[in-house]
Structures are given as C-alpha cells and as structure tokens.
1. Exceeding 24 Å between C-alpha atoms, which entries from my cross-link table qualify? They are LYS68/LYS263; LYS90/LYS263; LYS47/LYS68.
2. Among ARG231, ARG296, which comes first, then next, by fewest other beta-carbon atoms within 10 Å?
3. Check the straight Cα-Cα distances from LYS202 and name the aspartates and glutamates below 17 Å, setting aside those fewer than 8 residues away within the same chain.
4. Going by average Cβ density within 10 Å per residue, which order do the peptides 264-276, 192-204 take, highest to lowest?
5. Assigning unit charges at the beta carbon (Lys, Arg +1; Asp, Glu -1) and nothing else, what dipole magnitude in debye, to the nearest 20, does the chain show about its Cα centre?
6. To make sure I understand the rule: partners must be lysines, Cα under 26 Å from the Cα of LYS295, and not fewer than 8 residues away in the same chain. Which ones qualify?
7. Based on the alpha-carbon gyration tensor of the stretch 104-181 and its eigenvalue square roots a ≥ b ≥ c, which shape applies: rounded if a/c is under 1.5, prolate if not and a/b is larger than b/c, or oblate?
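No lab work stands behind these numbers, since they all come straight from the coordinates. Since the model is a prediction, treat every value here as computed from it, not as a measurement. Here Cβ is always computed from backbone atoms with ideal geometry, including for glycine, and neighbour counts include all displayed protein chains.
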Amino acid sequence: MKTLPRAFLSISFFLLATAANAAELIPDKPHACDACETWGQPREPFKVYGNTWYVGGGLSSILITSDKGHVLIDGGLTQTASQVAANIAKLGFRLEDVKIILNSHMHYDHAGGIAALQRASGAQVFASPAGKLALEGGGPTRDDPQFAFGPEHNNFPAVSGVRAIEDGETLRVGDLAVTAHFTPGHTPGGTSWTWISCESGKCLNMVYADSLNSVSAPGFRFSGDNTHKSRVASFEKSMDMVAGLKCDIMLTPHPEAWDMDAKVARLAADPKSQPFVDDQACKAYASGARERLVKRVAEEKAKQ
Ligand SMILES: [Zn+2]
C-alpha cells in the first residue's frame, strides 16, 4: 500500500477531529434556584409514541425524529443541557442531526439549555416574535409576568440567530411537520406545538402544550394596572386554543402536569397499556388553568 503524504494525513485527522467535536456540548454556567436540584435529576429517555421521545430530566425536553433530521423542543436548565444531549445519544440519535430547536416559553427552566444545545448541534432556533426577543435577550422581557423576579433569578444564556415565525406556521424537517400555536399568558412569547406521530400504521395528534399557569412575580396583575392592560382575555384565548386542539397525547413543559411518572410506571407494569393516550387531556389541562386564572383575578380584585 502506498503511504499517504504526511500533510494529507494531518488534514484528514484535523477534519475527523472537527467532526467528532461538532456535537460536543459545552455547558453554560449552572443556574441556581430552589427547585433546580429536583429538576436537575437525570432520567432514562423513553419513547412516548412513534417518533416522539422524552429526553429531559425533571423538566421536559421532547425529541421528534426523522430520517432527514430531528426537532428538539425545550432545553431545560443550563446544567441539564448535557443530560439532554446524553439522552439523545442513548437513544441512538445524533445531536448534530437536530436541525430545529423550539421552546415552550422563555423562562430559565425551559430555555436555559437551548444556547448550549444550539451551539453543539448547529440547529436553527425558531420562536414567536415575542419569544425571539426574550431568547436573544437572554431573559424574560419587561412585559413578562415574572420579570420583577429580577435578572439573577430570571436570566439564561442568550440564544443567537433566532428566526421569528407566525402563529399557525408549520416548520418542516424531512417529513416532520411541527406547527406553532401562540399561547401568550404565562409569558408573552409562549408557544404550544403540534405534530403527528405514527406507530404500526396508527397516527396520533401530539400536543406539547405550553404552561398556562397564572403565576407571576409579586406586584404583577393579570387583570391590568396603570402599566399594562388586562391580560385575561388573551390568556383565556390561549386556553381555548389548547382546549380546541386535536389532542391524543398531551405533553407539557413540567412533566407532573401530564402525570408522567405515574404513566411511565403504568406502562412498565403493562407494556400493552397506552397510558399516554388521552383525548381529553388538553381540555382538562386548559380548564384547570382557567379555574386558577379566575381565582387569581378574584384575588387581585380583592386586593384593589
Ligand atoms: Zn415558566
């Protein structure tokens, strides 16, 4: 065998080394918060249905796969981005095949890991116009109900080059099609996402329903004050939207809101059961959120 010139060998080695490094995730500074330790617990990734996988820990990250590349929704905390990357690898997928990264809403517990995951994968991040502002600014915008918690609590690594999308827009990777449904309320830029996953010829409507909780920093009023108009009508519109979605399997940014642990346990006990399938889940989720908003507004009025 002819020996290859030394220069060729070193260039090839350089290219190989670069390719191997392409998906190496360099984590950002860990976020400090009361619940961060619980949220940071690793968890085995698992299949939800068809090409939909849970790759998060105590906070949801959802991977939707195709032969032409994948979509990842939510990055968890800064310190759990590497768990998400490891879970993707454990399932046999490559982080560099993630072509699109999406976000439910722009708080540190769902957006914190996105910058590192974006850098490592080279994926394009898409968001609503209000979401783009928060992601690129590295923290919630001034009109976010939780803004007054302050930068130390709120901020997360800024995401660069976010592309703004329209409400109802569908993003595609190969034969994957993921549709955006703007659900402002919990944050101004929050978005729910829908797609279809199929298994053994049976296709189901998948929903990643954004947080619809009316929680805020002290002093914020969903019912409005002299700094902003009431958010109640637009929040209720988001709830109506989620309730009206075609919804066979609902996932949410906080796994307890879809009772994930109990459902995973039920599946383990009976692999034939389909605990994730519940066509009333979106309606129940929205009506629970509506009850809490009504209660919250009554409390605000009582304080007037
Ligand atoms: Zn939040």
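1. On the way: LYS68/LYS263 30 Å; LYS90/LYS263 21 Å; LYS47/LYS68 19 Å.
Correct reply: LYS68/LYS263.
2. Values: ARG231 24, ARG296 19.
Ordered from fewest to most neighbouring Cβ atoms within 10 Å, ARG231, ARG296 come out as ARG296, ARG231.
3. ASP175, ASP248, ASP278, ASP279
4. Numbers: 264-276: 13.0, 192-204: 16.0.
Output ranking for 264-276, 192-204: 192-204, 264-276.
5. Working: 30 positive and 33 negative charges, 83 e Å.
For the chain, the charge dipole is close to 400 debye.
6. LYS229, LYS237, LYS283, LYS303
7. Values: a/c = 2.53, a/b = 1.54, b/c = 1.64.
Because a/c hits 1.5 or more and a/b fails to exceed b/c, the stretch 104-181 counts as oblate.
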